[in-house]
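J.: My structure is below; once you've seen it, I'll send some questions.
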Amino acid sequence: MNELENYIHHYFSIGIEDCKLIAALFKTETLNKGDFYLKSNKYCDKLSFITDGLLRIYVNLPNKEVTQWIGTSGYFITDLSGFLFREPSRWNIQALTDCKLFTISHADYIGIGKLLPKWHELEKLFIGKCFVTIENRVFDHLSLSAEERYEKLFEQNRQLLNQVPLQYIASMLGMTPETFSRIRRKTLS
């Protein structure tokens, strides 16, 4: 099993043959550092599983850039609202490093239900887990101090601190680069 099949098998708890059916719909895609996976105001017509590399989801506002998320290997990436509801994206998704992806088109994604009748129940689980992740991030932003958000990221995703420009991480954590640097210095000392 490749990494995608293994992820589908464990994440959705479905058999290996069904995993292979789904995974066969995904095509390999590569992005070079700096390439855009998606630009704002465009329709997101794909969903990808990151096998290698980092992608940043962000928006340009009139007075600043806001990083919503850094996608890492072993996770899916898309503009979920655009992909599911066919709305123009508000987000840019750009490769921070060279990336290798398994990508499924929106049309092929819709067709999974014909290949695998129980897919609609599994899809609810997938989307539900996406929303829980978002809820947890919102809860953390509302209930944790800047120091606690930094510590949580450090515990859960330490490698990002060495791979991603720190201003992007600061933005993702909802703090200024100056606050992020102060907390980082305090933690490292």
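The values are calculated or read from the model by the stated rules, or taken from the named source; none is laboratory data. Just so it is clear, the model here is predicted, and its values are computed rather than measured. Cβ coordinates were reconstructed from backbone atoms using ideal geometry, including for glycine residues, and neighbour counts include every protein chain displayed.
J.: Could you please let me know if S73 is under 22 Å from Q163 (Cβ atoms) and either in a loop (DSSP other than H, G, I, E, B) or of a type in the set (K, R) (or both)?
T.: Spelling it out, S73 is indeed under 22 Å from Q163 (Cβ atoms) and either in a loop (DSSP other than H, G, I, E, B) or of a type in the set (K, R) (or both).
J.: Right, next: If you take the residues in segment 130-149 that are in a helix (DSSP H, G or I) and either touching a helix residue (DSSP H, G or I) at 6+ places or on another chain (Cβ under 8 Å) or acidic (D, E) (or both), which one is surrounded by the most Cβ atoms within 10 Å (Cβ to Cβ)?
T.: In this case the residue turns out to be R149.
J.: Take the residues of segment 9-38 that are assigned to a helix (DSSP H, G or I) and at pLDDT below 85: which is farthest from A107 (Cα to Cα)?
T.: Checking each candidate, the answer is H10.
J.: Within segment 43-72, how many residues turn out to be touching a helix residue (DSSP H, G or I) at 6+ places or on another chain (Cβ under 8 Å), over 22 Å from H141 (Cα atoms) and either surrounded by fewer than 19 Cβ atoms within 10 Å (Cβ to Cβ) or aliphatic (A, V, I, L, M) (or both)?
T.: Of the residues in segment 43-72, 5 are touching a helix residue (DSSP H, G or I) at 6+ places or on another chain (Cβ under 8 Å), over 22 Å from H141 (Cα atoms) and either surrounded by fewer than 19 Cβ atoms within 10 Å (Cβ to Cβ) or aliphatic (A, V, I, L, M) (or both).
J.: Inspect segment 171-181 for any residue being within 19 Å of the chain's Cα centre (by Cα), assigned to a helix (DSSP H, G or I) and not assigned by TED's automatic domain parsing to the domain that holds G53 and give the result as yes or no.
T.: Yes, some residue in segment 171-181 is within 19 Å of the chain's Cα centre (by Cα), assigned to a helix (DSSP H, G or I) and not assigned by TED's automatic domain parsing to the domain that holds G53.
J.: Scan G15, G74 and give me the residue that is without any contact (Cβ under 8 Å) to a residue 24 or more places away in the chain and assigned by TED's automatic domain parsing to the domain that holds G113.
T.: Values: G74 fails: without any contact (Cβ under 8 Å) to a residue 24 or more places away in the chain.
None of the other options fit; the residue is G15.
J.: Right, another one. Picking from F102, F83, which residue would you name as being part of a helix (DSSP H, G or I), at pLDDT 90 or above and not small (G, A, S)?
T.: On the way: F102 fails: part of a helix (DSSP H, G or I).
Testing whether each residue is part of a helix (DSSP H, G or I), at pLDDT 90 or above and not small (G, A, S) leaves just F83.
J.: Would segment 115-125 turn up any residue that is surrounded by 13 or more Cβ atoms within 10 Å (Cβ to Cβ), charged (D, E, K, R) and more than 29 Å from K33 (Cα to Cα)?
T.: yes
J.: Condition test on I110, is it outside the structural domain of V164 (by TED's automatic domain parsing), in contact (Cβ under 8 Å) with a residue 24 or more places away in the chain, over 30 Å from L153 (Cβ atoms) and not in a strand (DSSP E or B)?
T.: No; evaluated as a whole, the condition is false for this residue.
J.: Identify, by number, the condition in (1) assigned by TED's automatic domain parsing to the domain that holds Y7; (2) not in a strand (DSSP E or B); (3) not β-branched (V, I, T) that R185 doesn't meet.
T.: (1)
J.: Name the one entry in R158, R185, R86 that is on the phi > 0 side of the Ramachandran plot and either touching a Pro at 6+ places or on another chain (Cβ under 9 Å) or exposed (fewer than 14 other Cβ atoms within 10 Å of the Cβ) (or both).
T.: Criteria check complete, one pass: R86.
J.: Related question: So I8 passes all but one of these: (1) free of Cβ contacts under 8 Å to residues at least 40 places away in the same chain; (2) surrounded by fewer than 19 Cβ atoms within 10 Å (Cβ to Cβ). Which condition number does it fail?
T.: (2)
J.: Among N6, N60, N41, N92, which is in contact with a Pro (Cβ under 6 Å, 6 or more places away or on another chain) and either over 23 Å from G174 (Cβ atoms) or assigned by TED's automatic domain parsing to the domain that holds G128 (or both)? Give the steps one after another, and end with the answer.
T.: Details: N6 fails: in contact with a Pro (Cβ under 6 Å, 6 or more places away or on another chain); N60 fails: in contact with a Pro (Cβ under 6 Å, 6 or more places away or on another chain); N92 fails: in contact with a Pro (Cβ under 6 Å, 6 or more places away or on another chain).
Within the list N6, N60, N41, N92, the selection yields N41.
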